[in-house]
1. Mind checking whether some residue in the range 210-231 is modelled with pLDDT of 95 or more, more than 19 Å from Ser151 (Cβ to Cβ) and assigned to a strand (DSSP E or B)?
2. Are there any pairs with C-beta distances below 9 angstrom linking a residue in the range 402-416 that is touching a residue at least 24 places away in the same chain (Cβ under 8 Å) to a residue that is surrounded by fewer than 11 Cβ atoms within 10 Å (Cβ to Cβ) and in a loop (DSSP other than H, G, I, E, B), with the two at least 6 apart or on different chains, and if so which?
3. Determine which member of the set Lys109, Lys115 is in contact (Cβ under 8 Å) with a residue 60 or more places away in the chain, touching a strand residue (DSSP E or B) at 6+ places or on another chain (Cβ under 8 Å) and more than 30 Å from Asn54 (Cβ to Cβ).
4. Could you check, for the range 337-345, whether at least one of its residues is of a type in the set (Lys, Arg) and under 20 Å from the mean Cα position of the chain (by Cα)?
5. Given the conditions (1) assigned to a strand (DSSP E or B); (2) in contact (Cβ under 8 Å) with a residue 40 or more places away in the chain; (3) out of contact with any helix residue (DSSP H, G or I) (no Cβ under 6 Å at 6 or more places or on another chain), which single one is not true for Tyr42?
6. Here is a check on your reading of the model: is Leu380 over 21 Å from the mean Cα position of the chain (by Cα), crowded, with 24+ Cβ neighbours inside 10 Å and among the hydrophobic types (A, V, I, L, M, F, W, C)?
7. Of all the residues that make up the range 265-304, how many are in a loop (DSSP other than H, G, I, E, B) and within 15 Å of the chain's Cα centre (by Cα)?
8. Residues that are among the hydroxyl-bearing types (Ser, Thr, Tyr) and crowded, with 22+ Cβ neighbours inside 10 Å, at least 1 per element: which strands (runs of 3 or more DSSP E) completely within the range 386-472 meet that?
Amino acid sequence: MALRHSKFLYESKVLLRELINTLNRDFQYVSVLGSDCIGKKYSTNRKSSSIASNDFNERGFVARVYDDGEYYEYSFNEISKESLNNIVEKIKINIRNLEKRNVSIKKHKHIDEIKSNQSLIKDIDINPRTLGDKVIIQKIEQLRDRGINKSNEIVNFQINYSFLQVNKIFLSNNKDLEETYMWADASAVCITSRNDKSKYYFDSVSGLKGVEILDDLEKKINSTVEIAISLLESEPIKPGEYNVIFSPDVSGLIAHEAFGHGVEMDMFVKDRAKAKHFIDTQIASPLVTMVDGAKGVEQTSSYDFDDEGTLAQDTIIIDKGILKNGLSDYISAMELNIKPTGNGKRESFERKAYSRMTNTYFKSGESTLREMIESIEYGLLLEGAGGGMEDPKNWGIQCTALVAREIKEGKLTGKLYSPIIITGYVPDVLKSVSMVSGEVGLSGAGFCGKGHKEWVKVSCGGPYIKSKVRLG
């Protein structure tokens, strides 16, 4: 089913061009990003069902102007023939006010854009906006009931589904870009209880899809329930160093936290990332190649251009163990005298663009999961990625996994440990990688913050990876 470009943005383009032409009289560079994003989120559990607006709904514009070595931005959510002069005047007044306050602003080069004119529409199978709330609620309630009815030990079973149709335009003297796509994610959460012990497990699906994503989730209901029940037999892990195999979702969490945040290059500019001093240095096993990009895969952070009008591309962060590149927005790239990588993302049109991850993942290898398990005398298979955090300044990492499956003498024993904390020094974790599987999986059901704020949609993933880490 074909999506349609935003009527609001389409009808605003003539006025935005007029705004740009007017601002060109006073500024050496002018661009406008227009955003019209609309979606909903649905949830159901044993007690209730709910529908709400997606947290990332937005409609508005941000203008960026360049004046005497300095960049300024102004956001607004309405534009009309009558308001054009007012917008121009407000931009000028804000700049004058900053000058009066003697605010120290770094000087930058003029943005040198390559002429580009392109339009993208990514189709989906079932559009939730036309299907309607009633049908969607019925679908997720059916999945909920299917999960709840599988065992008397299930305390609650929750299904979540959300979507966002993203419509964006980017206009400047040299660029006329527009794109429309929809991302969707869905998850199943199973909570179990036996005697005084409670456990939970969740699984998720995501992609550039519509309601058809629920068909993907349906295939995961049985395994979600089975694991949640089996965790009632799990034990706490004895803290120590173990040979482990990361499942693709845990590999993705490691990628995101280890050398995702650590190579966002606005942190290079602020000297808050250790990776700045290790470019072209071996920091991982030769089996490790890690990529970030909005172009090479289709997941929830795949797009045609970023929020600064830079066309999407893929960036090799680690190439066979060597740290090669970081991820940059346009301003950070100019500060570092490199080309921007298409990673300038905003939480909304009202927020600043930062260097942010898109789809971040380890590339495949040549081993099989069976070979990896058989190679371990004693170790663990880690599954069910939870949360994580990294210290870009010192390369410490902490991540969580919901399940650890015991491996003895090359075989899974059936014994489970939960929950699991993964910790260590990032280069130690990556240098100990000794096997990498051939299949790669990505998940984009979560969001990523910059510190405690600036939330954006991302995905991450990888193959099965054998490594050695400290667990607790």
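The values are calculated or read from the model by the stated rules, or taken from the named source; none is laboratory data. Values in this document were obtained by computation on a predicted structure and should not be read as measured data. Cβ: placed from backbone, ideal geometry, glycine included. Neighbour counts: every protein chain shown.
1. There is no residue in the range 210-231 that is modelled with pLDDT of 95 or more, more than 19 Å from Ser151 (Cβ to Cβ) and assigned to a strand (DSSP E or B).
2. From the range 402-416, the pairs are Ile407/Glu377; Lys408/Glu377; Glu409/Glu377; Gly410/Glu377.
3. Details: Lys109 fails: touching a strand residue (DSSP E or B) at 6+ places or on another chain (Cβ under 8 Å).
Going through Lys109, Lys115 in turn, just one is in contact (Cβ under 8 Å) with a residue 60 or more places away in the chain, touching a strand residue (DSSP E or B) at 6+ places or on another chain (Cβ under 8 Å) and more than 30 Å from Asn54 (Cβ to Cβ): Lys115.
4. yes
5. The failed condition is (3).
6. Values: over 21 Å from the mean Cα position of the chain (by Cα): yes; crowded, with 24+ Cβ neighbours inside 10 Å: yes; among the hydrophobic types (A, V, I, L, M, F, W, C): yes.
When the stated conditions are applied, Leu380 passes them.
7. Within the range 265-304, residues that are in a loop (DSSP other than H, G, I, E, B) and within 15 Å of the chain's Cα centre (by Cα) number 10.
8. Numbers: elements: 396-408, 411-417, 420-425, 441-443, 447-450, 453-457, 459-462, 465-471.
In the range 386-472, 441-443, 459-462, 465-471 are the strands (runs of 3 or more DSSP E) which contain 1 or more residues that are among the hydroxyl-bearing types (Ser, Thr, Tyr) and crowded, with 22+ Cβ neighbours inside 10 Å.
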